[in-house]
Structures are given as structure tokens and as C-alpha cells.
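Below you'll find the structure, written out as C-alpha cells, and then a few comments.
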Amino acid sequence: MKKIWAWGALVFGLLYFTLPLIGMTNFSLKMRRGEYSFDAYQKVFADPRFQETFTYSVMQALFTILFGVLLVVPTAYWVRLKLPRLRPVIEFITLLPLVIPAIVIVFGYIRLYNTSSWLPLTGSLTGTNILLMFGYATLALPYMYRAVDTGLRTIDVATLTEAAQSLGAGWATILAKIILPNVLVAVLSGAFLTFAIVIGEFTMAALLNRPAFGPYMQLLGANRAYEPAALAVIAFGITWGCLGLIQLVSRFQKSAPPKA
Amino acid sequence: MSFLSLTSIKKSFGPVHVVHDFNMDIEKGEFVSFLGPSGCGKTTVLRMIAGFESPTSGKIVINGRDQNSLKPNQRNIGMVFQAYALFPNMNVHDNVAFGLKVAGTDKSETDARVKQMLGLIKLEHLADRFPYQLSGGQQQRVALARAIAVKPQVLLLDEPLSALDAKIRVSLREEIRQIQQQLGITTVFVTHDQEEALSISDRIVVMNAGRADQIGTPFEIYNTPSTRFVASFVGTLSIIEGKVADPAAGAVTIGNQQIALKDPIAGMKGGDSISLALRPEAGSIAEGAKGDTALAGEVVSTSFLGSVIRTRLRVGGDVISFDMFNNPGVAPPVSGDNVTLRFAAKDLLVIRE
């Protein structure tokens, strides 16, 4: 009897999740009257704004990942090695972007870094792009930090560090040659999550007036019928592709399986 | 002048004093073991030599150079850890080559040195394996090769055999000693296993509560322990409590029996309490056993250990353990038997606190 309820809950959950997706995909293929076609997808891909905004967001995502790795890996490593008592504090700080809405963060940025501030980042395109990248890094912080911290938990950070030190290695060598390669799978997990977040983010990019993929999706949704559905399917495809890549790279870990 | 010198080393973690006034001089090429129970400060001293901990006060000098201000990566010290600490992302070759690469050694020289080191530990055929593909013993041998590949001034071994099974421990400790002697590396070995320390060391430092209770050769440590702690921790010495009867004659009363020590008892007077120690192999209850001293007692228990039989004998208020070789023709004593233990007076040691 219990099994029937379990199966029932599972089927309900799957339908709840997949039916809207199936409906949306079905709708996106119905641009040509009376038959299924990829017309909506062709229109989206042919739109120069799609290429521009997608390229912009991909570049932003790559820089965000780079910045996130450079910020989070040394921080998480140092906290584990030297400041274990501060771990709850750091965890709390990294969780803040989940409870502070993006709109609050971006208004704070605009207020702090406007053209009349001591650091007028919004006064130039490059400055605004950098500001947006920082904003994305903040939004991705909970995911990146957790992924890296989990990776660090699977290795004996203190002993490996001491072993490398006794062999003459300095901090930069230890981080680059020992720590980073051993948490690479975790870093890649965080990187793909960051990529998915950046590709779909709307609020920050819209309020900083940058040509990102999120605002383009919103703009298209407000003016077209079939293309937004096609774009949503593409966005889902990108996110799932990232999740698939996380699974894939996990299998390429050369070192020992993580400790239980 | 000694090669490695530890002078008045003290270490405190907050209000807890872990090492008190530790002094030690180690000669070049010497193999010294720090022996003691958990928490006695032996690993802390080792970590201070490595530079992972800073002494609260005191001086560490290696080859005439003060080490206190040097970072761990500037000390040229090889270290082997209990948990192996091989880099999981590197294969055996790269692990051994790591220190050489960090030092900027050119590739051909690095490869030659790695080959030489792997030959030394007899693992040339496993150069391409990753650490998780090796057994514990193999991992620790690679860790040893990695530590000595950089030609360190001093090799530090932090309980390197503790995580291994008994058979591997014995073979690997012999291998470590052989390699150490072959290369002439000054080595400090930390262990809580007295058999390990006795079997491979030139000298042993027995540590107790942050202090060096006794420093000596394995022979000295085992045969003439200077404190009650050393006597009880090293080997299986039996401690016998008695009262000085006549210090000049070396006479001591144990229970209601009186024996005479080899020498007069200095610094004590009649009626003072005295602690004596007797090694298990020093006494015998066999018919016609030799010995100028005898103590009568009651057998408490007998343990059959294969080649020897360990018997525990109650004498006065103490229990004395002694071993005798297994003789299939002679039945071992049983509990309740009254026997006489004979031994030489020279084997009875006076223990100072």
C-alpha cells in the first residue's frame, strides 16, 4: 500500500515538473500553422540580438567563474587551514545572497558606485561590466563556496599543506599544484552552476542596462509569441547541459574517491 | 658542535604548557627516537623542528643556523607523516619529483633522482600509479622517498608506521633504518611504540608530560631506566615497593622479606620508602636457577605467549612479572602455587621519581 503512495507521489511530481515543459516545448514548435517546425528556434538563432546578448552573457559567466575561483578557493582553503572557528561566520556571509534580493544588491551597487561616488564604476561601460561581474559573483557565491568547501572536506588540507611546505613549496605553489587540482571537480561544479546563474540572470543586467541574455529573454517575451518559448527551451537546455557536464567531469577524477 | 640542537624549548597553547624546557643535541647521521604516550609533547617538538609550530621560547639550530625565524619551506627538512600525505592528484613519480621541481632542479636530474629514490624503496615498477592504487605500506615508502629526494638536512618521521599492520610495520621500520644508515641522514622519529624505538634508534628520548625523562641508547633506556615513568613505559619492568632497612648494607625490606642490593643506598636513611624495578627476563623460578637474591611469593596468573611463559607473582603488596622460556617438558606454574623467584642483586634497579 505504501509503495502505491510513493509511486503516486513520484508520478505527480514528475507530471508537475514535466507537463509545463512539454506544453512549452510543444508550443515553441507550433509557429508554423498546422504542423510542427523549428521556425521559432531559427528566428531566435538568426536574431543578431540573441547572438550579441548570449555572447555577452557567456563572456560575463567566464569572467565571473574566474573571479569566483580566485576569490573562493583561497578563502575556503585559508578558513579550513587557519581559521576553522570562522567557518560558520564565512558560511553565513556566503549565504546572504540567497536571502538578499538581487534588486537590493544592485541598487546598493548603483548607489555606491555611481558617477558621483569615489569609485564611479557606472560611469563607463567597462566599469559597469566589471560591476555586473562582481554582482554575478556575489549571486553565485553560495553555490561556489559550498562546492569548493565540500571538495576541500574530501582531502586532508592541513597535512597536504605541511607535506608540500616541508618540500619547499610556498603558498602559491601549494594552492596551484596541490589544492586546486584536488578540488577541481568541486570547482567545476561551482563553475557550471555559476554559468547557469549568469546566463539566466535578469535583474542586475537590466538595472545596470547591459545587453545580457536575461533582459533579452524578457524583451522577447513581451513582444513575441513563439520565440520566447523557444528561448526558454534553449535556456533550459543550457542549464541542463551544465548539470550534465558536472556529472561528466565528476567521473574524470583521477585521485581517490572522496572520503565518506 | 652537534648538528641539530634544541635548547630550552618551551611550548604553550594558551594556558596549557605542552613542552617544558626541552634540551637535546643530535649528531649528524644519528637516528633519535622520541618515545612517549599520547599527549606527552613528542609530536609538538617534532613540529617545532619542522617549523609548523613556533616555540614559545628556546632555540632550534641546525648545522649552525638558527631555525626559529625560518618558515617551514625554508628549512630543508624532509617529513613523513602518519597519514602518508601523498598528493592525490599526482602519481608516484610526480610525488617524489615534487620537491625537486619546487627547487628548480632540471628535468633530467629530477628524473634520475626519482629513479634512484624509487630504486631505494624498490617501487620503480609503480612509478605511474596514483596513491589510491597503492597499499598503505607502499604509500608510506613513497612518502619516505619523496622526503629524502630533496636531500634534506634532517628527516622527521611522525609515527610513520602507526597506520600499518604489524607485519608491514616490522619490515618497513627495518627498511627505514637501512635507508637512513645508507644515506647518513640525521633522523628524528616519533613513536609511542617502545619496541619500534628500541629496535631502530641510536638514541631514545623518553618523554613524559612535556619533559624528556631520560635520553640514552636503547640499551641504557631498557636496562637502566632512571625514572619510574621510564621503567613502566619502556619494556615490562615490575615495580617493587619496599622500605630501606640498612642503607649502608643496601638492605631493603619487601613485605616481610629482606634482600640486599648490590650497592649501598645513597641519599636515603632507614625506614625511607624505596622503589625497585626488575626486568621480566631477570628472574627465574626453575629448579637450580642462578641468582644471589630470592623472593618468595604466590603465583597470581600465568600467560602462555608461545616461546615464553609470563608469570605474575605476588610479593608483599606488589605483583612481579617474569618470563621463562617455554619448555614442553616442564608444566608452567598455576595460580596459588607458592614459588621462590631467584635473580641477581645487580638486576634490581633503584628507581628515582
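The values are calculated or read from the model by the stated rules, or taken from the named source; none is laboratory data. What you are looking at is a predicted structure, and each value in this text was computed from that prediction instead of being measured. Please note: Cβ atoms are built from the backbone with ideal geometry, for glycine as well, and neighbour counts cover all protein chains shown. Each accessible area value is taken on the protein alone, full model and side chains, heavy atoms only, with ligands, DNA and RNA left out. Shrake-Rupley method; radii C 1.70, N 1.55, O 1.52, S 1.80 Å.
Condition (residue is closer than 24 Å to residue B:220 by Cα, in contact with an Asp or Glu (Cβ under 7 Å, 6 or more places away or on another chain), open to solvent by 40 Å² or more (accessible area, probe 1.4 Å) and among the acidic types (Asp, Glu)) applied to region B:239-257: is it met by at least one residue? The answer is yes, given that some residue of region B:239-257 is closer than 24 Å to residue B:220 by Cα, in contact with an Asp or Glu (Cβ under 7 Å, 6 or more places away or on another chain), open to solvent by 40 Å² or more (accessible area, probe 1.4 Å) and among the acidic types (Asp, Glu).
Out of B:37, B:55, I need the residue that is more than 14 Å from chain A (Cβ to nearest Cβ), out of contact with any Gly (no Cβ under 9 Å at 6 or more places or on another chain), assigned to a loop (DSSP other than H, G, I, E, B) and crowded, with 22+ Cβ neighbours inside 10 Å. Which one?
None of the others qualify; the one that does is B:55.
Filter region B:61-78 for residues that are more than 24 Å from residue A:181 (Cα to Cα), open to solvent by less than 30 Å² (accessible area, probe 1.4 Å) and touching a residue at least 40 places away in the same chain (Cβ under 8 Å); which is farthest from the other protein chains (Cβ to nearest Cβ)? Among residues in region B:61-78 that are more than 24 Å from residue A:181 (Cα to Cα), open to solvent by less than 30 Å² (accessible area, probe 1.4 Å) and touching a residue at least 40 places away in the same chain (Cβ under 8 Å), the one farthest from the other protein chains (Cβ to nearest Cβ) is B:61.
The residue pairs whose first member lies in region B:260-277 and is touching a residue at least 40 places away in the same chain (Cβ under 8 Å) and surrounded by 10 or more Cβ atoms within 10 Å (Cβ to Cβ), whose second member is assigned to a strand (DSSP E or B) and among the polar types (S, T, N, Q), and whose beta carbons are closer than 8 Å, counting only pairs six or more residues apart or on different chains, are B:260/B:293; B:277/B:238. Restricting attention to region A:134-167 and to residues that are in contact with a Leu (Cβ under 6 Å, 6 or more places away or on another chain) and either away from chain B (no Cβ under 14 Å) or within 13 Å of residue A:71 (Cα to Cα) (or both), the residue that is least open to solvent (accessible area, probe 1.4 Å) turns out to be A:142. Only one entry of A:203, A:194 meets the criterion of being farther than 22 Å from residue B:70 by Cβ and surrounded by fewer than 22 Cβ atoms within 10 Å (Cβ to Cβ), and that entry is A:203.
Determine, yes or no, whether residue B:8 is out of contact with any Cys (no Cβ under 7 Å at 6 or more places or on another chain), among the hydroxyl-bearing types (Ser, Thr, Tyr), crowded, with 19+ Cβ neighbours inside 10 Å and part of a strand (DSSP E or B). No; evaluated as a whole, the condition is false for this residue. Taking every residue in region B:122-137 that is in contact (Cβ under 8 Å) with a residue 40 or more places away in the chain and pairing it with any residue that is among the charged types (D, E, K, R) and part of a helix (DSSP H, G or I), at least 6 positions away or on another chain, the pairs with Cβ-Cβ distances below 9 Å are B:134/B:141. If the condition is being more than 7 Å from chain B (Cβ to nearest Cβ), without any contact (Cβ under 8 Å) to a residue 60 or more places away in the chain and not aliphatic (A, V, I, L, M), then region A:168-195 contributes A:171, A:177, A:192. Name the one entry in B:76, B:95, B:68 that is of a type in the set (S, T, N, Q) and on the phi > 0 side of the Ramachandran plot. From the options B:76, B:95, B:68, the qualifying one is B:76.
Of the set (1) open to solvent by 40 Å² or more (accessible area, probe 1.4 Å); (2) part of a strand (DSSP E or B); (3) closer than 24 Å to residue B:221 by Cβ, all apply to residue B:281 but (2). Name, by its number, the condition in (1) open to solvent by 70 Å² or more (accessible area, probe 1.4 Å); (2) under 30 Å from residue A:208 (Cβ atoms); (3) not charged (D, E, K, R) that does not hold for residue A:78. Unmet for residue A:78, out of (1) open to solvent by 70 Å² or more (accessible area, probe 1.4 Å); (2) under 30 Å from residue A:208 (Cβ atoms); (3) not charged (D, E, K, R): (2).
For region B:94-113, give me each residue that is among the acidic types (Asp, Glu) and either at the interface with chain A (Cβ under 10 Å from one of its Cβ atoms) or in a loop (DSSP other than H, G, I, E, B) (or both). Those that are among the acidic types (Asp, Glu) and either at the interface with chain A (Cβ under 10 Å from one of its Cβ atoms) or in a loop (DSSP other than H, G, I, E, B) (or both): B:94, B:106.
Hey, any hits in region B:79-89 for a residue that's surrounded by fewer than 20 Cβ atoms within 10 Å (Cβ to Cβ), touching a helix residue (DSSP H, G or I) at 6+ places or on another chain (Cβ under 6 Å) and more than 9 Å from chain A (Cβ to nearest Cβ)? Among the residues of region B:79-89, not one is surrounded by fewer than 20 Cβ atoms within 10 Å (Cβ to Cβ), touching a helix residue (DSSP H, G or I) at 6+ places or on another chain (Cβ under 6 Å) and more than 9 Å from chain A (Cβ to nearest Cβ), which makes the answer no. For region A:223-232, a residue qualifies if it is over 18 Å from the mean Cα position of the chain (by Cα) and part of a helix (DSSP H, G or I), and the qualifying residues are A:223, A:227, A:228, A:229, A:230, A:231. Scanning region B:298-333 for residues that are open to solvent by less than 70 Å² (accessible area, probe 1.4 Å), of a type in the set (A, V, I, L, M) and touching a residue at least 40 places away in the same chain (Cβ under 8 Å) returns B:299, B:315, B:319, B:320, B:324. Among the candidates B:110, B:105, the residue that is more than 15 Å from residue B:155 (Cα to Cα), open to solvent by less than 30 Å² (accessible area, probe 1.4 Å) and of a type in the set (Ser, Thr, Tyr) is uniquely B:110.
Being within 13 Å of chain A (Cβ to nearest Cβ), at pLDDT below 95 and open to solvent by 60 Å² or more (accessible area, probe 1.4 Å): is that true of residue B:116 here? Answer is no for this residue. Within region B:12-22, the residues that satisfy the criterion of being open to solvent by less than 70 Å² (accessible area, probe 1.4 Å) and in a strand (DSSP E or B) are B:12, B:18, B:19, B:20, B:22.
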